[in-house]
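Working notes, beginning with the structure itself.
Please treat every number below as a calculation from the coordinates, not as lab data. All values derive from a computational prediction rather than experimental measurement. Note: ideal-geometry Cβ built from the backbone for every residue, glycine included; neighbour counts use all protein chains shown.
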Amino acid sequence: MIADVVLGLQHGDEAKGKITHQLCSKGNYTHVIRFNGGCNAGHTIYHEGKKFVTHHIPAGVFYGIESIIGPGCVIDPEQFFKEIEELEEAGIAASTLVSIAKNAHVITSSHKDEDSKDTKIGTTKRGNGPAYRDKYNRSGVRAEDTPCLKEYIIDIYEELYSKDGVEILFEGAQGFGLDIDHGDYPYVTSSHCTSAAALLSGVPPQAIRKVWGVAKIYETYVGAKTFQPKGDVFNAIQLIGEEFGATTGRKRQCNWTNLDTLLKAVRMNGVTDLVFNKMDVLREVGEWKFKNKDKLLNFQDENQVKSWITSFFSNSPTVSNVYFSGNKDRI
Ligand code: IMP
Ligand code: MG
């Protein structure tokens, strides 16, 4: 068994969907597995010139690859069927490719009601926190016990261990800065967003080949805490970067990338391939700055940024490749 992982290194919205989509188009993957989160995620994908936003459904469906909602996920059946329908209407054969691990947990309407009253964290109000709480309280509802999901249910052990040549692409949701353990608690999501979480789906650590760590060249965050500093430049980044939540439409707060926390994320996730997206945005904004050890680093131009960042991360033993992208469709 071979597995690659795609995960977010910041606070979600790093354009992981784009990377997953691109990797699916080229790889020999037999399965794409979402390993955490629920429909709080909003993965924007441009497929054959058309824009899609997926919440539950892994990007494997765009390329005819078996796509599993893994045991670390929580699933809202209503949203799940809505998404299947939308994809099918757009000509993507989602219903035959998607399956749900029987031990994934279900987001119920009472979870959504409860989450809709949140004011403290600034959640997406999709019921995630309450669903995970009930899972760990051992009072939750599993997908296998939900009649409407019956035809989609699989046993992940049977699926992955009864055939040879299994190659998995793990699709992460949210990001390291929102991770329940390593993020800025309590301003976090309720699931694990690290490469370790991919393994929780039931694959051995030895299977991991590459870890694609995805970042933006600047940072964004959506939620209740104050994240964006004062200054017109951050409003410019927000505007030019079209930084609105794909799930909730909320404005994303913007800041310069903190290289210290990014380095921590790279190390703790064992990132092999590091991607910086949205270079085109800072190019248009015309400012290149980064936070590093309480200093603000200021660069003159894009080439200087690329060589400095590449050398900064070349000290991380796991990193083999650093990519910079300024394109919505691909790296
Ligand atoms: P929850 O995951 O809906 O409980 O929200 C907890 C925090 O994570 C809030 O700050 C959300 O805005 C944030 N969050 C959850 N999912 C995403 C995502 O996919 N992208 C960006 N932020 C997210
Ligand atoms: Mg998103």
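Can you tell which of Thr189, Ser25, Thr261 lies farthest toward the positive end of the dipole of the chain, using +1 and -1 charges on the Cβ of basic and acidic side chains (Lys, Arg; Asp, Glu)?
Projecting each Cα onto the dipole axis, the largest value belongs to Thr261.
Can you give the FRET efficiency for Leu239 and Arg133, using 1/(1 + (r/R0)^6), R0 = 35 Å, r = Cβ-Cβ distance, to the nearest 0.05?
In this case the efficiency is close to 0.45.
Across segment 128-278, what fraction of all alpha-carbon pairs, as a whole percent, falls in each successive 10 Å bin from zero upward?
Going out from 0 Å in 10 Å bins, segment 128-278 shows 9, 30, 33, 21, 7, 1 percent.
Antiparallel versus total DSSP beta bridges in segment 1-68: what percent is that, nearest 5?
Taking every DSSP beta bridge with both residues in segment 1-68, the antiparallel ones total about 60 percent.
When the chain is treated as a GNM, springs tying every alpha-carbon pair under 10 Å, which of Asp115, Asp294, Asp273 comes out with the largest mean-square fluctuation?
Per the Cα network of the chain with a 10 Å cutoff, Asp294 tops the list.
What number results when the radius of gyration of segment 264-331, computed over Cα atoms, is divided by 2.2 N^0.38 Å?
Rounded to two decimals, the normalised Rg is 1.15.
Mind listing P(r) for segment 1-157? All alpha-carbon pairs, 5 Å bins, whole percents.
2, 9, 18, 23, 21, 15, 9, 3, 1
Which percentage, to the nearest 5, of the DSSP beta bridges contained in segment 160-287 is antiparallel? Before the final figure, lay out the partial values.
On the way: 5 of 10 bridges.
Bridges in segment 160-287 that DSSP calls antiparallel: roughly 50 percent.
Over all directions, how big on average is the projection of the convex hull of the alpha-carbon atoms in segment 153-192, in square nanometres?
4.1
Based on the Cβ-Cβ distance from Glu86 to Ser162, what FRET efficiency comes out when R0 is 22 Å, to the nearest 0.05?
Numbers: r = 32 Å, r/R0 = 1.44.
So, using R0 = 22 Å, E works out to roughly 0.10.
Treat each spin label as a single point 7 Å out from the Cα along the C-beta direction, and report the Ala224 to Asp280 distance in nm.
Here the answer is 3.6 nm between the modelled labels.
Counting other C-beta atoms within 10 Å, and keeping those with at most 15, which DSSP coil chymotrypsin sites (Phe, Trp or Tyr not before Pro) do you find in segment 48-92?
none
With a/c under 1.5 counting as rounded, go ahead and sort segment 169-250 into rounded, prolate or oblate using the C-alpha gyration tensor (a ≥ b ≥ c being the square roots of the eigenvalues; past the cut-off, prolate if a/b is larger than b/c, else oblate).
In terms of gyration-tensor shape, prolate.
Can you tell which of Gly91, Gly175, Gly213 shows the greatest fluctuation in a Gaussian network model of the chain with Cα springs below 10 Å?
Gly91
Would you kindly derive the ³J(HN,Hα) couplings of segment 224-234 from the backbone phi angles with the Karplus curve 6.51 cos²θ - 1.76 cosθ + 1.60 (θ = phi - 60°), listing them in order in whole Hz, with x for Gly and Pro?
Working through the residues one at a time gives 7, 7, 7, 10, 7, x, 6, x, 5, 4, 6 Hz.
Can you tell me what share of the DSSP beta bridges in the chain is antiparallel? A percent to the nearest 5 is fine.
About 30 percent, rounded to the nearest 5.
Can you work out the Karplus-derived ³J(HN,Hα) for every residue in segment 212-221? Use 6.51 cos²θ - 1.76 cosθ + 1.60 with θ = phi - 60°, whole Hz, and x for glycine or proline.
8, x, 10, 9, 9, 6, 10, 10, 10, 8
Apply the Debye scattering formula to segment 195-331, with a single equal point scatterer on each alpha-carbon and no solvent, then give log10 I(q)/I(0) at q = 0.13, 0.15, 0.21 Å⁻¹.
So the normalised log intensities are -0.61, -0.81, -1.38.
I'd like the projected area of the chain, averaged over all directions, using the convex hull of its alpha carbons. Report it in nm² with one decimal.
Quarter of the Cα hull surface area: 16.0 nm².
Please state the charge dipole magnitude for the chain, taken about the Cα centre, from unit charges on C-beta atoms (+1 on K and R, -1 on D and E), reported in debye and rounded to the nearest 20.
My answer is approximately 920 debye.
Which of the GluC sites (Glu not before Pro) across segment 1-101 are loop residues per DSSP, with 15 or fewer other Cβ within 10 Å?
Glu48
Taking the alpha-carbon set of segment 46-121, what are its Rg and Dmax in Å?
14.0, 41
From the helices alone, meaning DSSP H stretches of at least four residues, give me the mean residue ellipticity at 222 nm for the chain, per-run term -39500 (n - 2.57), in deg cm²/dmol to the nearest 500.
On the way: 11 runs with 95 residues, N = 331.
Calculated from helices alone, the mean residue ellipticity at 222 nm is -8000 deg cm²/dmol.
Can you tell me the length gained on complete extension of the stretch Ser311 to Glu48, counting 0.36 nm per residue apart and subtracting the Cα distance?
Fully extending the segment from Ser311 to Glu48 adds 91.2 nm.
Between Asp294 and Lys26, how high is the FRET efficiency from 1/(1 + (r/R0)^6) when r is the Cβ-Cβ distance and R₀ = 41 Å? Nearest 0.05. Don't skip to the end; give the middle numbers.
Numbers: r = 41 Å, r/R0 = 0.99.
It comes out at approximately 0.50.
Running a GNM on the chain with Cα contacts under 10 Å, which residue among Tyr136, Tyr187, Tyr29 ends up with the highest mean-square fluctuation?
Tyr136
Taking θ = phi - 60°, what integer Hz values does the Karplus form 6.51 cos²θ - 1.76 cosθ + 1.60 yield along segment 91-108, in sequence order, with x for Gly and Pro?
x, 9, 6, 6, 5, 7, 9, 8, 9, 10, 4, 4, 8, 5, 9, 9, 8, 9
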